[in-house]
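Working notes, beginning with the structure itself.
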């Protein structure tokens, strides 16, 4: 069973702080990794994707990938109350050409003003 | 450009009734995915299609669930007969060849 694990939270941070969201996955053959944000009552929306080891930055968001440790994280700098949502980690397991995604349970982030 | 369209947005039905959920993917996308989301189990992939062909239906919970994609612009997920444990939000997502999945707004299903 290919799994994606996340701490369900809630993770509470003050406005302006850095929020760190973590995810581990079981399938070593996984090639691509995604972070989705889901507001309450809404559908998931893509924030970032990462394919290579290291960091990838997009505005206030940084995705980090360590394939050896089977670990992917999302950092949100200067957190805002509007960032309060559930963040879903998703992994494209091997074979990677299917487009199939396995989602974690999600981490709920609360940013307090 | 319109996103993924799902209908109905809300469905309330009684146990034993047939339920049909509908999805129109984004034009030009060649893959379509059906998910179910509950508090207990999170977001689960039920089935996905590539070029209208079902590729992996291992997530379909049982024979009461069936899905079809008769053409590139339409898919249905049918539950017959429905049970209270089927209550969930059902999402459809579509994907082009070289990009990731885009989700529809979902259908909230309540089976009484």
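Quick check: from the Cα gyration tensor, does the range B:1-107 come out rounded (a/c under 1.5), prolate or oblate? Kindly include the intermediate steps, with their values, before the conclusion.
On the way: a/c = 1.70, a/b = 1.61, b/c = 1.05.
Cα axes put the range B:1-107 in the prolate bin.
Return a whole-number percent for the relative contact order of chain A, with Cα pairs under 8 Å and 6 or more residues apart as the contact set. Walk me through the numbers before you get to the answer.
Values: 291 pairs, mean separation 43.6, N = 113.
This gives 39 percent for chain A.
Give me the percent of DSSP beta bridges within chain A that run antiparallel, rounded to the nearest 5.
For chain A, the DSSP antiparallel bridge percentage is about 90.
Going by how many other Cβ atoms sit within 10 Å of their own, how do B:36, B:85, B:64 line up, fewest first? Walk me through the numbers on the way to the answer.
Numbers: B:36 23, B:85 10, B:64 15.
Least crowded to most crowded, the residues run B:85, B:64, B:36.
Taking springs between alpha-carbon atoms closer than 10 angstrom, which of A:11, A:88, A:21 fluctuates most in the Gaussian network model of chain A?
Looking only at A:11, A:88, A:21, the largest GNM fluctuation is found for A:11.
Counting only C-alpha contacts under 8 Å and six or more residues apart, can you give the relative contact order of chain B as a whole percent? Each step should come with its number before you reach the end.
Working: 282 pairs, mean separation 41.7, N = 112.
The normalised contact order for chain B reaches 37 percent.
Just to be sure I understand: of the beta bridges DSSP finds with both ends in chain B, what percent are antiparallel, rounded to 5? Provide the component values of the computation, followed by the final result.
Values: 36 of 40 bridges.
Counting DSSP beta bridges with both partners in chain B, the antiparallel share is about 90 percent.
Would you look at the GNM of chain A, springs on alpha carbons closer than 10 Å, and say which of A:13, A:72, A:91 moves the most?
A:13
Bear in mind that the values in this text are calculations on the coordinates, not laboratory data. Model, not experiment: these values are computed from the prediction. Note that each Cβ is placed from the backbone with ideal geometry, even for glycine, and that neighbours are counted across all protein chains shown.
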